[in-house]
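Undergrad: Got a structure here, written out as structure tokens. Questions coming.
The values are calculated or read from the model by the stated rules, or taken from the named source; none is laboratory data. All values derive from a computational prediction rather than experimental measurement. All Cβ positions, even for glycine, are placed from backbone atoms using ideal geometry, and neighbour counts span all protein chains on display.
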Amino acid sequence: MKSHAYEAHLRWTGSDQGAAVDYKTYSREYQADIPGKPRLIGSSDPAFRGDPAVHNPEDLLLIALSGCHMLTYLALCVRNGITVHTYEDHATGTMAERDGNLRFVEVTLRPDCVVSGDVELARRLHEQSHAHCFIANSVNFPVRNEPRVTLRGEARYSASADKA
């Protein structure tokens, strides 16, 4: 069985401002280092007394899901003779209390792409991308996809027109 290993070092840098004694006052700042990559500075979400100017774990989970789908989609398109000219995603996630714990209950990806080639195949490849995305396969909540694929040169229309 093929496997891949990953490594990260996380350090709570908030301790430089004092020990965690009172929930209301300790710093939530941390840094994450991955060998050979830029340092990531993070905190908790502002709803949990974190710094709104830096990434939080919830942001990073959303980015991981969106990025994995995109990279899988691009690979499938190339392998199937589809040229992708642009790709954007507006991903959203919802956390709610379930079984006494706060957790993600859903994420929706909204990839918007411009392609050349078989546009129907390009649309279907989003389904395959979802099925093969190892990040989406690793979470215990639904990851929905609402892709929009436009053939290069066709007029683009707003998302609200999609629902009409």
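Undergrad: What tally of residues in segment 137-164 results from selecting those that are assigned to a helix (DSSP H, G or I), of a type in the set (S, T, Y) and either within 13 Å of R110 (Cα to Cα) or at pLDDT below 65 (or both)?
TA: Number of matching residues: 1.
Undergrad: Run Q31 past the list (1) farther than 30 Å from V149 by Cβ; (2) buried (at least 16 other Cβ atoms within 10 Å of the Cβ); (3) in contact with a helix residue (DSSP H, G or I) (Cβ under 8 Å, 6 or more places away or on another chain) and report the number of the one that doesn't hold.
TA: Q31 satisfies all of (1) farther than 30 Å from V149 by Cβ; (2) buried (at least 16 other Cβ atoms within 10 Å of the Cβ); (3) in contact with a helix residue (DSSP H, G or I) (Cβ under 8 Å, 6 or more places away or on another chain) except (2).
Undergrad: Related question: State all residues of segment 8-65 that are hydrophobic (A, V, I, L, M, F, W, C) and either assigned to a loop (DSSP other than H, G, I, E, B) or farther than 26 Å from V107 by Cα (or both); if no residue qualifies, say none.
TA: A8, W12, A19, A20, V21, I34, A53, V54
Undergrad: Which pairs have Cβ atoms under 7 Å, sit 6 or more apart or on different chains, and link a residue in segment 139-154 that is free of Cβ contacts under 8 Å to residues at least 40 places away in the same chain to one that is of a type in the set (G, A, S) and surrounded by 14 or more Cβ atoms within 10 Å (Cβ to Cβ)?
TA: V149/A122
Undergrad: Pick out the one residue from L102, L65, L109, L74 that is at pLDDT below 95 and in contact with a strand residue (DSSP E or B) (Cβ under 7 Å, 6 or more places away or on another chain).
TA: Selected residue: L102, the only one of L102, L65, L109, L74 that is at pLDDT below 95 and in contact with a strand residue (DSSP E or B) (Cβ under 7 Å, 6 or more places away or on another chain).
Listed here are the residues, each with its yes/no results for (1) on the phi < 0 side of the Ramachandran plot; (2) of a type outside the set (D, E, K, R); (3) assigned to a strand (DSSP E or B); (4) free of Cβ contacts under 8 Å to residues at least 60 places away in the same chain.
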{"residue": "H69", "(1), (2), (3), (4)": "yes, yes, no, no"}
{"residue": "C77", "(1), (2), (3), (4)": "yes, yes, no, yes"}
{"residue": "V84", "(1), (2), (3), (4)": "yes, yes, yes, yes"}
{"residue": "V107", "(1), (2), (3), (4)": "yes, yes, yes, yes"}
{"residue": "A122", "(1), (2), (3), (4)": "yes, yes, no, yes"}
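Undergrad: So, in segment 66-109, of the ones that are buried (at least 19 other Cβ atoms within 10 Å of the Cβ) and touching a Gly at 6+ places or on another chain (Cβ under 6 Å), which residue ends up farthest from A47 (Cα to Cα)?
TA: Among them, the one singled out is I82.
Undergrad: Given the criteria loosely packed, with under 14 Cβ neighbours inside 10 Å, touching a helix residue (DSSP H, G or I) at 6+ places or on another chain (Cβ under 9 Å) and either among the small types (G, A, S) or more than 30 Å from D16 (Cα to Cα) (or both), does N137 qualify? Steps first, answer last, please.
TA: On the way: loosely packed, with under 14 Cβ neighbours inside 10 Å: yes; touching a helix residue (DSSP H, G or I) at 6+ places or on another chain (Cβ under 9 Å): yes; either among the small types (G, A, S) or more than 30 Å from D16 (Cα to Cα) (or both): yes.
When the stated conditions are applied, N137 passes them.
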